[in-house]
Amino acid sequence: MTSQAALRIAPIRASVSDAEWQARLDLAACYRLCDQYGMSDMVYTHITARVPDSPPGEGGHFLINPNGMLFSEITASSLLKVSLEGEVLYRPDLPYGLHPAGFTIHSAIYRARPDAMAAMHTHTIAGMAVSALKCGLLPLTQTATRFYGRIAYHDFRGPERDPGERDLLARSIGARNYCILRNHGLLTLGESVPETFIAMWGMERACQAQLQAMACNTELNLPPDEVVAKSCAMYDPPNSRRYGLLEWPGLMRKLDLADPSWRD
Ligand SMILES: [Zn+2]
């Protein structure tokens, strides 16, 4: 039985714009990939995408998971559409609503960062563990150098249920695209869903590698600062392509082979 059959969500392709539908497809794919790559936490985190043609005067709208659906069940038609003030503009006929912390974190980003079109938050074991280290993410591996000096850190003040937390979070993130929520987890944002997902993929693996190296109980070898800085600079245009665009079609093929119901 597919997830769509199990949940019987009415398809909404005909009632939304082409731009919104594409955002829904990308975001539904991102939820499925997050789960397939072991980065989901049952129903407890959230990934969002701004609706590209939502009214700018209202600050825009964004798409988010209904709180209660597993990431492996998410489809394009199942995603909630929410205003930056927390009004749910569309929800499928399910007994699931808007997660308060999901609203706080993601609306904070879309309010403060007009360039952000997607945001992804995880509670992986590796992400939570590095978030609890005073040293944070170290440039121990080539993968980690991409994030060197570019990670914002935001102190833990309890679950983000209070909309007043939005200004504090926006201040912590500033102009950065990668954030470690201390004692909590990881957060990435970007100009597209693919870019945001691939950033999270890299940050997650950098965290895993750091923890395995630190667990070996022997001296760590950090590359020289100038090598780290040179390596970090190579991850940006014009020295590099934009991450995500090359990878995304292959990831869609992978999803379609496993279960194409995310497109519903
Ligand atoms: Zn969280």
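In what sequence, largest accessible area first, do Trp262, Trp201 appear using a 1.4 Å probe?
Numbers: Trp262 5, Trp201 85 Å².
Ranked list, largest accessible area first: Trp201, Trp262.
Using the Karplus curve 6.51 cos²θ - 1.76 cosθ + 1.60 with θ = phi - 60°, work out ³J(HN,Hα) for each residue of the stretch 220-229 in order, rounded to whole Hz, and write x for Gly and Pro.
Residue by residue, the stretch 220-229 yields 8, 9, 8, x, x, 3, 5, 5, 4, 5 Hz.
Dipole of the stretch 3-263 (Lys/Arg Cβ +1, Asp/Glu Cβ -1, origin at the Cα centre): which of Gln210, Phe156, Gly244 lies farthest to the positive side?
Gln210
Between Asp236 and Asp155, what is the FRET efficiency for a Förster distance of 22 Å, r being their Cβ-Cβ separation, to the nearest 0.05?
On the way: r = 28 Å, r/R0 = 1.26.
FRET efficiency, Asp236 to Asp155: 0.20.
Quickly estimate the mean residue ellipticity at 222 nm for the chain, helices only: each DSSP H run with n ≥ 4 gives -39500 (n - 2.57), and the total goes over all residues, rounded to 500.
-11500 deg cm²/dmol
Which whole-Hz couplings ³J(HN,Hα) result when phi for each residue of the stretch 63-79 is put into the Karplus expression 6.51 cos²θ - 1.76 cosθ + 1.60, θ = phi - 60°, listed in order with x for Gly and Pro?
My calculation for the stretch 63-79 gives 9, 8, 5, x, 6, x, 7, 5, 4, 6, 9, 5, 10, 4, 7, 8, 6 Hz in order.
Taking trypsin sites (Lys or Arg not before Pro) as exposed when DSSP calls them loop (any state but H, G, I, E, B) and at most 10 other Cβ atoms lie within 10 Å, what is the longest stretch of the chain free of them, the sites themselves excluded?
On the way: sites that count: Arg8, Lys134, Arg241.
After excluding every exposed loop site, the longest remaining stretch is 9-133.
Separation between the Arg91 and Ser17 pseudo-spin-labels, each 7 Å from Cα along Cα→Cβ, expressed in nm?
Between Arg91 and Ser17, the simple spin-label model gives 2.4 nm.
Taking 1 over the mean of 1/r across every pair of different Cα atoms in the stretch 3-263, what Kirkwood radius in Å do you get? Walk me through the numbers on the way to the answer.
Values: mean 1/r = 0.0532 Å⁻¹.
The Cα-based Kirkwood calculation yields 18.8 Å.
Where is the GNM fluctuation largest for the chain (alpha-carbon springs, 10 angstrom cutoff): Gln142, Gln22, Gln208?
In this elastic network of the chain, the residue with the biggest mean-square fluctuation among Gln142, Gln22, Gln208 is Gln142.
So which residue, out of Ala118, Ala28, Ala108, gets the largest mean-square fluctuation from a GNM of the chain using Cα contacts under 10 Å as springs?
Highest fluctuation of the listed residues: Ala108.
Count the DSSP beta bridges whose two residues both fall in the stretch 33-174, then state the antiparallel fraction as a percent rounded to the nearest 5. Display every interim value, and only then the final one.
Details: 12 of 13 bridges.
Here the antiparallel bridges make up roughly 90 percent for the stretch 33-174.
Can you run phi through the Karplus equation (6.51, -1.76, 1.60; θ = phi - 60°) for the stretch 206-217 and list ³J(HN,Hα) in whole Hz, with x for Gly and Pro?
With coefficients 6.51, -1.76 and 1.60, one gets 4, 5, 4, 5, 4, 5, 5, 5, 5, 6, 7, 6 Hz.
For the chain, report the accessible area per residue in Å² (1.4 Å probe, heavy atoms, rounded to an integer).
Values: 12230 Å² over 264 residues.
Counting only protein heavy atoms, the per-residue value for the chain is 46 Å².
Rounded to the nearest 20 Debye, what is the dipole magnitude of the stretch 88-209 about its Cα centre when Lys and Arg each give +1 and Asp and Glu each give -1 at the C-beta? List each step's numbers first, then the result.
On the way: 13 positive and 10 negative charges, 60 e Å.
Dipole magnitude for the stretch 88-209 comes out near 280 debye.
Can you check what the Kirkwood hydrodynamic radius comes to for the stretch 41-128, Cα pairs only, in Å to one decimal? Each step should come with its number before you reach the end.
Numbers: mean 1/r = 0.0755 Å⁻¹.
Answer for the stretch 41-128: a Kirkwood hydrodynamic radius of 13.2 Å.
The values are calculated or read from the model by the stated rules, or taken from the named source; none is laboratory data. Please read these numbers as outputs of a predicted model, since none were measured by experiment. Please note: Cβ atoms are built from the backbone with ideal geometry, for glycine as well, and neighbour counts cover all protein chains shown. Accessible surface is based on the protein model in full, side chains and every heavy atom, while ligands, DNA and RNA are left aside. Shrake-Rupley method; radii C 1.70, N 1.55, O 1.52, S 1.80 Å.
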